[in-house]
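First the structure, in the form of structure tokens, and then the observations on it.
None of the figures in this text is laboratory data; all of them are computed from the coordinates on show. As the structure is a computational prediction, the values presented were derived from the model and not from experiment. Cβ atoms come from the backbone with ideal geometry, glycine included; neighbour counts cover every protein chain shown.
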Amino acid sequence: MKFKLMAVIALTAALYSCDDSTTGVGDFVSNIDKIEASSDTYKVTSRTIRLKEVYSRTNRAYLGRFTDPDFGQYSADFITQINCPEGFELPERLEKITGTSLELYYTGFYGDSLATMTVQVDELSKAIEEDDKDLYYTSYNPAKYCNCDDETCIAQKTYTAVDLSVSDSLRNTSGYYPGIKIDLREKFSNKIQSLYESNPEYFKDANSFINNVLKGFYVHTIQGDGSVVYIQDIWLRINMEYTVTGSQGQDSTAIGSSVLAASKEVLMSTKMMNDDKLDELVSDNEHTYLKTPAGLCTEIELPVDEIYDNHENDTLNSITLSIKKYKDAGISGESSYKMGIPQTLLMIRKEEMNTFFEQNKTYDNETSFLGTYDSSSNSYTFSKLNRLISHIFSEKRSETGETDSDRDKVVLIPVTTETDTEGNVIGVSHDMEVNAARLFGGEQGEELKIEVIYTKP
């Protein structure tokens, strides 16, 4: 499709002004009365690809198991270290550590609020290797650091995502923070006390604590199916009795607690697994899918050669791709719990999809772009793709041999963003919550088109 656009310079300059989004060989001319622009549309092909692992080093953890009729079973467990800050001390006249607990506080959950789940806590039997990059991905094998046997198991806990032992009046207050409190039992508490009394230097900083006291925990689901909690804070609470001296010189026993927490200074990584039900969706060529976490994304092959043949010497003012989603993420519609909609997608060149996250990059509107879900149009839109196409044009001109098969391919990956106080995006990471979408497209589905607006030199 091709048509002409005529506008007075004031309007045209607003739409196609010579900024960093206008690219191409020709220069934009803004001192003439009228500018003539044209528009072409080109077919875009898409397909679903499976992500069997994603970069997962974040400050949050995920725990649980859920089976969906369309997307199959998903499970999440995690390994975490505990940070011991410099200068940490227990009371000078410590009498006894009366108990310890691992407390997992979460901001939300997916699934059945009353599904009965059982979690097990194992103590790591081997210190985590600092250069073990496998732990940064969701497919790591915890058996490398934990035997998960009677020796490493220190506690189990059965829970529901909504704790019915808490009154409605408390649960509905703004200050209520739901959590799973796991008693670590007497043997573990005695170990902490013994090491503190015999070797207080072990508690001088995080490195010494991790290597000599507690290498870390592996927290995993052993029974149940129906919910996944999104954990924001992980605390190791140490309850104790200690002696204090009153104003009259008398001694008395006081009760208190100290808290050590998982933090960004130490490692925490979630292991996520999706079953092979996802392969059925990969083979669906009438739609494409997004499924988080570590599940499915959509690959798009851009018609670069065709655009190049028609517009090699033109100024590419704007290139836009919009992709609509279906109302339901799955086809059967049998799920009792509707998954969330991915709110933000990263469009990234396929060849850069791993290094982008490993190197903690942010999008640049040249080889990576963000598109947000628009509920009014039920779609995701990516604009300013002219910079990407022109970037690939430059590569194409310099090619001397066989073309990289992934040169023209991008992938759409659900992500979350971190912003500064002024709202600027300063970080992009994989969406680790349970979200999904079924998109228009596919090799035999509804045709997707990309729109190119250009001017002749």
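Summary of values
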| item | result |
| --- | --- |
| Proximal lysines relative to residue 191, as straight alpha-carbon distance under 22 Å, when same-chain residues fewer than 8 apart are discounted | 96, 126, 157, 181, 204, 215 |
| Sequence ranges 379-391, 335-347, ranked by mean other-Cβ count within 10 angstrom, highest first | 379-391, 335-347 |
| Three-way shape call for segment 267-365 based on the alpha-carbon gyration tensor, with the a/c threshold at 1.5 | oblate |
| For segment 35-167: rounded, prolate or oblate by the Cα gyration tensor [a/c cutoff 1.5] | prolate |
| Length released on extending from residue 324 to residue 164, taking residue separation times 0.36 nm less the Cα-Cα span | 53.6 nm |
| Cα shape, segment 61-266, gyration tensor, a/c 1.5 rule | oblate |
| Two-site FRET efficiency, residue 397 against residue 58, from Cβ-Cβ distance with R₀ of 41 Å, rounded to 0.05 | 0.55 |
| Alpha-carbon spread of the chain, three principal axes, descending order, Å | 94, 51, 47 |
| Packing-based ranking, highest mean first, of 421-429, 307-315 given that Cβ atoms within 10 Å are counted | 307-315, 421-429 |
| Backbone HN-Hα couplings from phi across segment 109-124 [Karplus 6.51/-1.76/1.60, Hz, Gly and Pro as x] | 7, 10, x, 7, 5, 10, 5, 7, 10, 10, 10, 10, 10, 10, 8, 4 |
| Protection proxy ranking, peptides 350-356, 145-151, 223-229, average beta carbon neighbours within 10 Å, highest first | 223-229, 350-356, 145-151 |
| Histogram of C-alpha separations across segment 333-404, 5 Å bin width, % | 3, 12, 17, 17, 18, 12, 8, 6, 3, 2, 1 |
| Percent RCO, i.e. relative contact order, over the chain, from Cα pairs under 8 Å lying at least 6 residues apart | 27 percent |
| FRET E, pair residue 151, residue 241, Förster distance 22 Å, beta-carbon r, rounded to 0.05 | 0.15 |
| Stokes-Einstein D in µm²/s, Kirkwood radius over Cα pairs - segment 164-247 at 10 °C with 1.306 mPa s viscosity | 95 µm²/s |
| Backbone HN-Hα couplings from phi across segment 281-292 [Karplus 6.51/-1.76/1.60, Hz, Gly and Pro as x] | 6, 4, 7, 6, 9, 9, 8, 10, 10, 10, 8, 10 |
| Estimated vicinal HN-Hα couplings, Hz - segment 245-253 in sequence order (Karplus 6.51, -1.76, 1.60; Gly, Pro = x) | 10, x, 5, 9, x, 7, 8, 8, 9 |
| Calculated [θ] (222 nm, deg cm²/dmol) that DSSP helices of n ≥ 4 give over the chain, each run adding -39,500 (n - 2.57) | -4000 deg cm²/dmol |
| Label point distance in nm, residue 359-residue 383, each placed 7 Å from Cα along Cα→Cβ | 2.8 nm |
| Unit Cα scatterers, Debye sum, segment 305-457: log10 I(q)/I(0) for q = 0.08, 0.10, 0.14, 0.16 Å⁻¹ | -0.28, -0.43, -0.82, -1.04 |
| Whole-number percent relative contact order across segment 61-266, with pairs defined as alpha carbons under 8 Å at least 6 apart | 42 percent |
| Segment 85-105 and segment 246-285: distance between their alpha carbon centers, rounded to Å | 17 Å |
| Reciprocal mean inverse distance between Cα atoms of segment 172-216 - Kirkwood radius, Å | 12.7 Å |
| Nonlocal amide H pairs with residue 45, under 5 Å, H built at 1.01 Å | 301 |
| Pairwise Lys count, segment 233-333 - Cα closer than 26 Å, eight or more residues apart or different chains | 8 |
| Shape box of segment 94-147 [Cα atoms, principal axes, largest first, Å] | 44, 37, 21 |
| Residues whose placed amide H lies under 5 Å from that of residue 378, excluding near-sequence neighbours | none |
